[in-house]
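Take a look at the structure below.
The values are calculated or read from the model by the stated rules, or taken from the named source; none is laboratory data. Since the model is a prediction, treat every value here as computed from it, not as a measurement. Cβ: placed from backbone, ideal geometry, glycine included. Neighbour counts: every protein chain shown. What goes into the accessible areas is simple: the full protein's heavy atoms, side chains included, and nothing from ligands, DNA or RNA. Shrake-Rupley method; radii C 1.70, N 1.55, O 1.52, S 1.80 Å.
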Amino acid sequence: SVASSDLFQYALVGLVMTLLVVWITNYYTSTHHKPVRDIAKASETGHATNIIAGISIGHHATLLPVLAIAASIWCCFDLAGLSGIDIAVVSMLSLSGIIISLDAFGPITENSGGIAVMSGLPEEVRTITDELDAVGNTMKAVTKGYAIASAGLAAMVLFGSYVKDLEAFVGHTVTFDLMNHEVVIGMFIGGLLPFIFTAYCMSAVGSAAGAVVLEVRRQIAAKPGILNGTDIPDYAQCVGIVTSAALKQMILPALLPLIFVIGMAFVGMQALGGVLIGTIVTGLFVGIAMTSAGGAWDNAKKYIEEGNHGGKGSFAHQAAVTGDTVGDPYKDTAGPAVNPMIKVVNI
């Protein structure tokens with residue numbers, strides 16, 4: 001039996017873990033802190049230096065969350081084994097209602113800013129919506145960081161469940177030895193999966209965006225009055241392109257976890273176990289790096305638009321727009337999608 005005070009300790013680990021991930025992600029993506037301002041500063045020297053700074057910040061942002069996850073696993077496992085991690089994960093997930101609310105804040109404020117611009121509201125209204133949008137960008141990054149961190153802990157539990165099911169099936173204890181070539185091969189294949197998965201996600205966004213650009217150019221050529229407001233664009237056509245791309249081009253990425261897992265299952269249970277661990281490890285780094293870099297790029301643009309480093313229309317602002325455009329598929333598509341991918345692989 002486990003004392004209620006011990007259960008509270010494991011639950012507390014999950015809550016502290018959530019607090020740390022939120023604080024760390026806020027630091028790397030908020031306009032009030034050094035990482036975002038470093039990207040804005042780098043924008044003064046060009047588009048390339050903006051991209052380099054953003055990628056660097058994304059990679060730096062993996063250090064503290066991963067150390068926090070490792071410490072949480074150590075504390076819970078040392079006290080109560082896999083059961084301790086179970087409780088910590090449930091403790092984290094108990095906050096999901098709050099996290100979903102925070103996540104919804106970002107798109108609402110972003111679209112309110114779009115409405116302000118398109119309806120011709122005064123500049124002071126846009127100033128307020130820009131501030132809210134910057135907070136929303138940080139909130140989106142925070143909630144995605146939380147989701148990926150919880151996936152790291154939950155995947156540990158799911159892997160433990162896989163081992164227990166295997167032992168029940170084969171009738172003896174199962175261990176995964178790093179000297180076993182099947183385990184190592186499985187870890188390489190599993191580590192590869194997040195990179196292939198995010199590559200397809202990014203290319204899907206790129207091709208869909210390209211199709212929209214071509215459609216916009218076609219409409220402007222056919223109706224030049226769109227630019228001065230005398231002609232009305234065909235919005236439905238652009239929405240249709242994006243919707244179709246979202247459905248069709250994500251079929252293969254959605255199938256990849258199933259293909260990899262089923263394929264490696266034919267190699268053997270040791271190889272499959274390696275796949276599960278490899279996916280957890282690299283997926284965690286890829287997901288955190290992408291969501292943090294994307295949020296930082298977006299807010300670096302917002303920081304410049306507030307009047308820093310030349311403000312709107314400056315050379316630095318042009319470079320920041322490029323960084324924000326690259327950051328959108330990072331933080332809105334590929335990065336967040338790693339979280340469900342990890343869970344699908346393990347389930």
Grab the Cα-Cα distance for Glu167 and Ile251, subtract it from 0.36 nm times how many residues apart they are, and report the gain in nm with one decimal.
-> 26.8 nm
With a Förster distance of 56 angstrom and the Cβ-Cβ distance between Phe188 and Glu124, calculated FRET efficiency to the nearest 0.05 equals 0.50
Could you tell me the accessible area of Phe195 in Å² (1.4 Å probe, neighbours in place), rounded to the nearest ten?
-> 120 Å²
Charge dipole (debye, nearest 20) of region 115-240; +1 at Cβ of Lys and Arg, -1 at Cβ of Asp and Glu | 240 debye
Which ³J(HN,Hα) values, rounded to whole Hz and listed in residue order, are derived for region 10-27 from phi using the Karplus coefficients 6.51, -1.76 and 1.60 in 6.51 cos²θ - 1.76 cosθ + 1.60 with θ = phi - 60°, glycine and proline given as x?
-> 5, 5, 5, 4, x, 5, 5, 4, 4, 4, 5, 5, 4, 5, 5, 5, 4, 4
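Could you give the size of the charge dipole of region 42-147 about its Cα centre, using +1 on the Cβ of each K and R and -1 on the Cβ of each D and E, expressed in debye and rounded to the nearest 20?
Taking the Cα centre of region 42-147 as origin, the dipole is about 280 debye.
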Taking every pair of alpha-carbon atoms in region 36-104, what share in percent sits in each 5 Å bin, from 0 to the bin with the longest distance?
-> 4, 14, 13, 12, 14, 14, 11, 9, 6, 3, 1
Pick out, from Ile280, Leu102, Ala337, the residue whose Cα sits farthest towards the positive end of the charge dipole of the chain, with +1 on the Cβ of Lys and Arg and -1 on the Cβ of Asp and Glu.
-> Ala337
Find the accessible area per residue for the chain; the probe is 1.4 Å, ligands and nucleic acids are left out, and the unit is Å².
-> 49 Å²
C-alpha long axis of helix 315-329 to longest principal axis of the chain, angle in ° = 40 degrees
Summing -39500 (n - 2.57) over every DSSP H run of at least 4 in the chain, dividing by its residue total and rounding to the nearest 500, the 222 nm mean residue ellipticity is -29000 deg cm²/dmol
Dipole axis of region 212-347 (+1 Lys, Arg; -1 Asp, Glu on Cβ), positive-most option in Val321, Leu214, Ser292 | Leu214
Across Ile241, Ile232, Ile99, the residue with the highest GNM fluctuation in the chain (Cα network, 10 Å cutoff) is Ile232
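Looking at region 78-233, what % of the alpha carbon pairs are farther apart than 19 Å?
Details: 9185 of 12090 pairs.
Counting every Cα pair in region 78-233, those more than 19 Å apart make up 76 percent.
Within the accessible area of region 46-178, what % is carbon and sulfur when the probe is 1.4 Å and the other protein chains stay in place?
Values: 4780 of 6670 Å².
C and S atoms contribute 72 percent here.
Is there a pair in Lys140/Lys164; Lys41/Lys343; Lys140/Lys223; Lys223/Lys302; Lys248/Lys343 whose C-alpha atoms are over 28 Å apart, and which pairs would that be?
Numbers: Lys140/Lys164 36 Å; Lys41/Lys343 38 Å; Lys140/Lys223 37 Å; Lys223/Lys302 32 Å; Lys248/Lys343 22 Å.
Long pairs (Cα-Cα over 28 Å): Lys140/Lys164; Lys41/Lys343; Lys140/Lys223; Lys223/Lys302.
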